[in-house]
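K.L.:
Quick one: the structure is below, and I'll ask about it shortly.
The values are calculated or read from the model by the stated rules, or taken from the named source; none is laboratory data. None of these values were measured; they are calculated from a predicted model. Using ideal geometry, Cβ is built from the backbone for each residue, glycine included, and neighbour counts are taken over all protein chains shown. The protein model used for the area step is the full one, side chains on, heavy atoms only, and it has no ligands, DNA or RNA in it. Shrake-Rupley method; radii C 1.70, N 1.55, O 1.52, S 1.80 Å.
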Amino acid sequence: MQERAPAGRPKVSHGVTGSRPGRWGGPLLLAWIGVLSLGTQVVYGQARTGSLYGTVTDPEGRPLPGVTVTLTSTTTGRWTLQTDAYGRFRFPSLPPAEDYTLQFDLAGFRPVVRTDIEVQVGLNVRVDVQMAPGAEAAVVVRGQVPMVDVKKAEVATHFPDEVLQHAPVARDPWFVLSMAPGVLIEVERLDGGSEAARQSEFVARGAEWHDNQWYLDGLPITNVAVPGTSPTYFDFDAVEELQVSTGAADVEAFTGGVTVNLVTRRGQNRPSMAGRLLWANDRFQSDNAPKDTERAVPGLQSDRVDDMKDYGLQAGGAPARDRLWLWAGYGAWDYSLRVPTVGVEEEAGSTGTTPGEITAARFQPDRRRLDHLTLKGNARLGSHMLEALALGSWNHRRGMEADFERPPETTYDQKEQMPLWKLQDEWVWKDRLFLSGKLGFFTSRDRRLPQGGTDRPAVYDYETGIWHDSYAWSDVRNRAWNVGLLGILYGFRALHADHEVKFGVELRHAQVRRKEGFANGVVYAYEDLAEPAEGGEVWLVRAGHVRVLHRRWSLFGQDTIAWKRLSVSLGLRWDAQTVGLLAASTPAHPLRPDWLPGGSTRAQTLFTWSTLAPRLSLSYDLTGNQTTFLKASGALYPSALGVQEALSLAPTGRRELRFAWEGDANGNGVPDPDEVDWGMPIFWDHRPGDPNRTVHAVASDYRSPKTLELTVGLEGSPGGLWTVGVTAFYRRTWDYVWAFPYDPEGRVTADPIYACWVEAGRLPAEWGSWPYYECALDKPEGVLWSNRPDFHTRYRGLEFRVTRRMTGRWMAFGALTLQDTTQFMESRRAYVDPTNVDQLNRGPYFVTGWETDDLRYVRWLLQVGGIVQLPWDVTFAGTLLAREGDPYLSVYPAERTSNGWGRFIDVLTDPVDERRMPVFWIAHLRLEKRFRLGSAGRLDAIVEAFNLFNRAIATKIFGLANVPELYGKYTEIISPRIFRFGLRYTL
């Protein structure tokens with residue numbers, strides 16, 4: 001993050017001292033209103049259900065009021081209502097299923113029956129019926145209705161159960177996300193094996209990954225401690241449908257990031273039972289080590305699966321048919337992985353390496369055990385539909401974050417757990433008003449300790465970028481209450497048009513406790529680990545302990561107006577995001593308490609982001625038969641507020657000082673106290689000598705980043721089997737968060753900081769002769785949280801999508817996305833350090849991953865998949881994923897006068913877009929044979945092949961230009977082809 005302050009001394013807010021963050025129809029509705037009024041917390045979120053609606057007319061097109069409409073399904077049982085005065089009917093909040101049946105009855109008219117209707121999450125399915133006079137037998141219409149939502153312009157992808165269970169996937173949501181149009185996920189996630197059951201960052205439409213939103217059965221569960229991520233992992237067999245939304249969202253959507261909504265299974269009238277065992281092992285794995293040793297570090301190997309097991313049991317049923325349904329599931333992951341890491345040849349080896357040469361032939365283990373328990377109950381009580389969900393997740397991982405730069409002692413021993421529960425009541429009043437109230441809570445804890453322990457210093461080698469001996473540690477707790485009320489008013493007319501009004505209130509209240517440090521508080525940073533005499537730096541790191549309060553209030557309203565062929569939605573959303581600090585304390589640095597004493601934090605409110613976000617969408621039926629629609633939308637999205645500002649503003653946060661080590665004078669290979677210049681640090685993140693003083697601040701006009709989105713496209717459903725669409729996207733984002741250098745005393749203001757930079761040197765000619773700069777002023781010890789001036793990004797995209805639902809024994813889906821994202825620095829005030837500006841300005845805006853050298857920017861993506869049911873109960877499925885290679889950073893570290901700004905600066909050797917990894921493409925395959933066991937159920941035998949063609953795809957390239965023996969070589973490749981075998985029993 002880099003950002004600005006206005007000229008002169010800005011108006012700032014340091015927080016408000018002492019301000020502490022802190023019969024059936026009527027009674028149940030009042031209970032929900034009471035919960036909200038008490039100030040309990042949070043969000044309605046995205047839908048976990050869909051709906052059926054339509055109009056009943058006679059042969060002349062006149063509406064038929066009073067028609068009895070009966071809905072039946074194994075999932076919901078039987079539900080009956082009558083059409084209104086305009087012949088309209090609606091069944092809201094239907095769980096996803098493919099077996100819905102509608103029967104229409106009216107005295108004097110032939111009954112009509114529509115069967116095999118599919119409902120997906122978040123989709124409004126329209127079923128219009130014409131009834132003819134007479135008393136003959138019922139007219140039965142079989143076949144599925146078009147799956148184009150007339151009322152929405154939202155760009156969303158639905159992955160139903162048949163795709164989740166039969167496509168070759170790594171059995172976690174992150175892999176499934178890679179098949180969603182426009183979604184860009186880290187490459188190593190796509191091998192289908194080695195990265196399974198691990199979180200990954202992902203982005204779409206130029207948005208930042210921290211604006212992604214996660215929902216479980218409509219309950220918002222996005223991690224506040226690490227915005228944009230899920231606080232837990234999932235039992236894949238507990239998920240019945242997964243919905244991914246990437247644009248043109250209505251007022252229920254909070255941000256412009258990717259919205260992921262997982263819907264868990266539920267009990268049905270028919271008893272069900274299922275179990276699974278899937279297994280992969282190194283003996284079923286190929287070798288894809290690069291043959292071209294000029295392009296890879298010597299001895300490079302990919303991650304390899306030692307052993308992987310995925311198993312679980314599920315059962316469900318209806319203790320009271322059509323009234324009460326229960327479902328329970330247990331799932332577990334147990335895997336062992338081998339990850340290549342750095343090694344150093346001590347003598348010439350058979351691989352042709354030379355003594356002292358860096359290789360990647362050494363392996364380290366990465367082991368994980370995941371356990372999940374899911375319990376769900378649904379009940380119908382009069383006009384109320386009740387739901388209760390309980391979930392528990394436990395994760396133990398040893399060897400986390402193993403890679404080329406992180407040998408075993410620097411990897412994590414991680415332990416996580418998360419219990420979650422949710423209660424929900426949905427109520428339909430007189431078939432005109434739908435109300436949904438929701439209360440949810442979860443708490444998570446994530447503990448990470450380096451395997452090398454925290455009783456020794458960590459070692460860093462500037463020459464190679466490799467860590468040794470120990471690493472950072474953390475202990476993060478996250479707890480959140482969620483409360484929401486959603487209402488939808490149907491079936492009233494005004495100005496000759498039908499109106500559907502949606503309104504809601506949401507509240508999320510979360511607390512985050514973060515403890516973190518680095519090894520034993522000391523880091524030895526060598527200029528060259530092989531040459532200690534060259535010296536380096538000694539870092540002192542005081543452990544931090546911060547407790548953060550995070551609250552979000554939201555109100556929204558929307559009117560969807562239907563007039564003839566046109567449907568228009570007008571909406572407005574208000575969000576107020578508040579962050580504050582809670583009381584906490586932290587101890588002094590164990591070795592140098594004089595430099596880094598302990599401290600305490602008092603409770604206070606820091607600041608609030610308040611935003612109004614209008615939403616507009618329209619859908620026009622081009623043909624008049626509900627098969628082809630023109631859709632357009634406009635939206636303004638805020639960004640999600642995280643906890644980074646609060647962590648920096650807490651006196652008890654992690655603090656760091658760096659001191660110069662002139663060299664190893666006594667030859668013992670480590671910095672001794674008398675070899676270190678303790679006079680003045682060369683880097684600091686606080687006021688040296690006073691770490692408990694809050695030197696950071698928040699600008700008085702600090703506000704949420706904003707994204708304007710415009711879309712236009714065509715969507716159709718020819719024949720009711722295919723859904724095709726093309727959408728053009730435009731986005732402009734501004735007011736990015738910026739941490740501008742700040743002097744709390746006002747001695748150094750913005751203008752001198754902008755003006756102090758002078759050229760310190762240039763790169764060698766072979767690396768472009770790019771200039772790099774240094775500042776003659778001492779770096780102010782604080783930062784001002786503000787909005788980056790004169791800077792914006794622009795996203796433009798064109799996307800083609802096609803889906804064929806499962807009919808006639810096959811289904812298919814595919815998408816092609818063409819896009820570019822550009823950044824614009826409009827004036828000198830858009831950046832602080834001029835280094836690299838020439839290489840970045842008006843070039844691609846790349847979204848940085850969790851690891852800062854991972855860049856997420858590609859100009860095209862292709863996703864294709866299909867499932868075919870062959871004779872003899874054999875099912876064949878495959879996927880093909882392809883995209884342009886990610887950019888990688890090619891930098892030349894240059895030394896300059898520090899003055900607190902950093903002694904070394906990484907200078908880009910090219911414009912970012914000029915160095916990319918190879919084009920990525922990968923195919924996966926699945927073959928399944930079903931054995932029918934009569935009344936005892938069925939047994940499926942499964943074999944899957946991931947990375948079918950055994951490609952050695954680079955996921956990391958070494959980019960330090962001053963290390964010629966490694967520069968430009970692959971340091972990480974995707975895992976080789978592996979076969980997974982499985983058995984699945986279903987009753």
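K.L.:
Which ones in the stretch 677-696 are at pLDDT 85 or above and outside any loop (DSSP other than H, G, I, E, B)?
P.N.:
677
K.L.:
While we're here: For the stretch 468-494, how many residues meet the condition of being in contact with a Phe, Trp or Tyr (Cβ under 8 Å, 6 or more places away or on another chain), open to solvent by 30 Å² or more (accessible area, probe 1.4 Å) and more than 30 Å from residue 553 (Cα to Cα)?
P.N.:
The number of residues fulfilling the criteria is 4.
Let's see how each residue does on (1) open to solvent by 40 Å² or more (accessible area, probe 1.4 Å); (2) at pLDDT below 90; (3) of a type in the set (S, T, N, Q); (4) closer than 30 Å to residue 217 by Cβ:
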site	(1), (2), (3), (4)
304	no, yes, no, no
323	yes, no, no, yes
349	no, yes, no, no
358	no, yes, no, no
367	yes, no, no, no
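K.L.:
In the stretch 185-199, is there at least one residue being modelled with pLDDT of 85 or more and buried (at least 22 other Cβ atoms within 10 Å of the Cβ)?
P.N.:
Yes, there is a match, as at least one residue in the stretch 185-199 is modelled with pLDDT of 85 or more and buried (at least 22 other Cβ atoms within 10 Å of the Cβ).
K.L.:
Please verify whether residue 422 is under 22 Å from the mean Cα position of the chain (by Cα) and either surrounded by fewer than 17 Cβ atoms within 10 Å (Cβ to Cβ) or not in a strand (DSSP E or B) (or both), treating the condition exactly as stated.
P.N.:
When the stated conditions are applied, residue 422 does not pass them.
K.L.:
Next up: If I go through the stretch 48-90 residue by residue, how many of them are of a type in the set (Lys, Arg) and part of a loop (DSSP other than H, G, I, E, B)?
P.N.:
2
K.L.:
Is there a residue being among the hydroxyl-bearing types (Ser, Thr, Tyr) and either open to solvent by less than 10 Å² (accessible area, probe 1.4 Å) or under 25 Å from residue 204 (Cα atoms) (or both) anywhere in the stretch 636-648?
P.N.:
Checked against the condition, which is being among the hydroxyl-bearing types (Ser, Thr, Tyr) and either open to solvent by less than 10 Å² (accessible area, probe 1.4 Å) or under 25 Å from residue 204 (Cα atoms) (or both), the stretch 636-648 yields at least one hit.
K.L.:
Something else: Just to verify a result, which residue in the stretch 777-805, among those that are touching a strand residue (DSSP E or B) at 6+ places or on another chain (Cβ under 7 Å) and of a type in the set (A, V, I, L, M), is nearest to residue 708 (Cα to Cα)?
P.N.:
The extreme case among them is 798.
K.L.:
I would also like to ask the following. Would it be correct to say that residue 665 is in the same structural domain as residue 808 (by the TED database), open to solvent by less than 20 Å² (accessible area, probe 1.4 Å) and over 30 Å from residue 807 (Cβ atoms)?
P.N.:
no
K.L.:
Going through the stretch 699-712 one residue at a time, which ones are surrounded by fewer than 21 Cβ atoms within 10 Å (Cβ to Cβ) and assigned to a strand (DSSP E or B)?
P.N.:
706, 708, 710, 712
K.L.:
Shifting gears a bit: With the structure loaded, tell me whether residue 724 is touching a strand residue (DSSP E or B) at 6+ places or on another chain (Cβ under 9 Å), in the same structural domain as residue 750 (by the TED database), open to solvent by 50 Å² or more (accessible area, probe 1.4 Å) and β-branched (Val, Ile, Thr) or whether it fails that test.
P.N.:
yes
K.L.:
For residue 577, indicate whether it is more than 30 Å from the chain's Cα centre (by Cα) and either open to solvent by less than 70 Å² (accessible area, probe 1.4 Å) or over 24 Å from residue 902 (Cα atoms) (or both).
P.N.:
Judged against the criteria, residue 577 is not a match.
K.L.:
Tell me which of these residue 238 doesn't satisfy, since it passes every other one: (1) open to solvent by 10 Å² or more (accessible area, probe 1.4 Å); (2) in contact with a His (Cβ under 8 Å, 6 or more places away or on another chain); (3) hydrophobic (A, V, I, L, M, F, W, C).
P.N.:
All conditions pass for residue 238, except number (1).
K.L.:
Scan the stretch 960-982 and tell me whether some residue there is open to solvent by 30 Å² or more (accessible area, probe 1.4 Å), in contact with an Asp or Glu (Cβ under 6 Å, 6 or more places away or on another chain) and either at negative phi or not aromatic (Phe, Trp, Tyr) (or both).
P.N.:
no
K.L.:
Right, something else. Suppose we keep only residues that are outside any strand (DSSP E or B) and either of a type in the set (Gly, Ala, Ser) or open to solvent by 50 Å² or more (accessible area, probe 1.4 Å) (or both) within the stretch 91-121. Which one would you say is farthest from residue 215 (Cα to Cα)?
P.N.:
The qualifying residue farthest from residue 215 (Cα to Cα) is 108.
K.L.:
Strands (runs of 3 or more DSSP E) wholly in the stretch 199-292 with at least 2 residues that are out of contact with any Cys (no Cβ under 6 Å at 6 or more places or on another chain) and farther than 27 Å from residue 643 by Cα - which ones?
P.N.:
In the stretch 199-292, the matching strands (runs of 3 or more DSSP E) lie at 239-247, 259-264, 272-285.
K.L.:
Is at least one residue of the stretch 583-602 farther than 23 Å from residue 687 by Cβ and open to solvent by less than 20 Å² (accessible area, probe 1.4 Å)?
P.N.:
Checking the stretch 583-602: not a single residue is farther than 23 Å from residue 687 by Cβ and open to solvent by less than 20 Å² (accessible area, probe 1.4 Å).
K.L.:
Something else now. Within the group 894, 952, which residue is closer than 30 Å to residue 843 by Cα, surrounded by 19 or more Cβ atoms within 10 Å (Cβ to Cβ) and at pLDDT below 90?
P.N.:
952
K.L.:
Could you check residue 513 against (1) of a type in the set (D, E, K, R); (2) crowded, with 21+ Cβ neighbours inside 10 Å; (3) touching a Lys or Arg at 6+ places or on another chain (Cβ under 7 Å) and say which number it fails?
P.N.:
Just one mismatch for residue 513, condition (2).
K.L.:
Here's a follow-up. Consider residue 456 against the criteria (1) farther than 19 Å from residue 398 by Cα; (2) in a strand (DSSP E or B): it satisfies all of them except one. Which criterion is unmet?
P.N.:
Result: residue 456 passes all but (2).
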